[in-house]
1. I need Glu301, Glu269 ordered by Cβ neighbour count within 10 Å, fewest first.
2. For Gly73, which sequence-distant residues (separation of 5 or more, or a different chain) have an amide H within less than 5 Å of its own amide H, given hydrogens modelled in the peptide plane?
3. Between Phe325 and Ala351, take the C-beta separation as r, use R0 = 41 Å, and let me know the FRET efficiency to the nearest 0.05.
4. In Å and from the alpha-carbon atoms only, list the Rg and Dmax of the stretch 116-224.
5. Distance check, please: which entries in Lys267/Lys343; Lys181/Lys343; Lys145/Lys181; Lys145/Lys267 exceed 29 angstrom between their Cα atoms?
Amino acid sequence: MRTKRGVWIIVAAVAVLLAAGTGFVLTLRSDSGEPTAAPAPSTPAPSAAAPSASTAPPAGADITGPLDLLLIGVDTRISIPDWQPHADAIMLLHVGADLRSGYLYSLPRDLRVDVPAFARNGYRGGRHKLTEAMSYGAKVPGTDKANVAQGYELLARTISRYTGIEKFDAGAILTFNGLSKLTDALGGVTMTIDQKVVSQHRRPDGTARTLRPGGGGYVGPQATYLPGTRRLVGWQAIDYARQRYTAGGDYTRQRHQRQLVKALLTKAEDAGLATDRSKLESVLTALGDTLVFSGERTPLEYAYALRELRPSQLTSVSLPGRSVFNGGYIGEQLDASGRAFLKAVATGDPASYLAKHPDLISK
């Protein structure tokens, strides 16, 4: 039977490692760097040779920091034939050596990067927007079907090259719909709206706006989010966090997405899921059957290692950047201070860098 502490560990796995999403693939990297299939975690049968439960160290107790996690929001657009998934939100979480504090930061989806060649599907590599690394990797020769886990693999390699982070200890790919469902399972979230945001995608009642005939945007009334502390249901929270056609563009959207992750973590903690089994089960039910694990370690093992990590100990970092033009808009690039922060993460000392550059910390 799970202890109350063990229940909280599961919540940490859902909220931290999975960024509270469903309809995604979780990939835990093996030593070889290749994803390897593994079944969902199960309770092993007792044996005479095994130490007793009271003396055996918990699974994951041997995991040490620092850790680097990659959280990807994917735009699947499954209603459009032949559409390849794009990485619409790219968040990274660096957990310190003590496993009790972390730094949550984002990379622009349109960041200009060198995407390496990918032998799995014959992609030859090139310089593109970061969001496209997912779609190039997801292509399966001879079919119009997309392999999202394969797309994650190329995206992770691309980000590793750009940031200098040698490997990601865990990664999560999630969809907007799944994140909305889990938000509702938690009873909604409370967020501080920091600027007026007008939705491109939703009407005030939550229904989808109508695609303009011939494309080029949507028509109809728009949901609007005004500054202030407000409680948002699932569709509102996701809609607010995904808007980039607003003041500050994609850099504002990145900030709002990080705010949502922290709000979900806080709600899971405040909801008392560690002591309410029925609430926990409703959250896990929201994840559905589309959760797939692969790799050497399970999310529960990482969750145990991160059991002392709390939302209040997560520092949200904004990396400044600017648009790049070459006869027209071709993407984004980070400023020197943003690139230097990535180097500080890769070398294991983001705290010292932020102490000298506190302007990068999102208030």
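Every read-out reported here was derived from the displayed coordinates using simple, explicitly stated rules and does not represent laboratory data. If you're wondering where the values come from, they're calculated on a predicted model, not measured in any experiment. We place every Cβ from the backbone using ideal geometry, glycine too, and count neighbours over all the protein chains shown.
1. Glu269, Glu301
2. Asp88, Ala89, Ile90, Met91, Leu174
3. Details: r = 35 Å, r/R0 = 0.86.
In this case the efficiency is close to 0.70.
4. Cα-based Rg and Dmax for the stretch 116-224 come out at 18.5, 47 Å.
5. Lys267/Lys343; Lys181/Lys343; Lys145/Lys267
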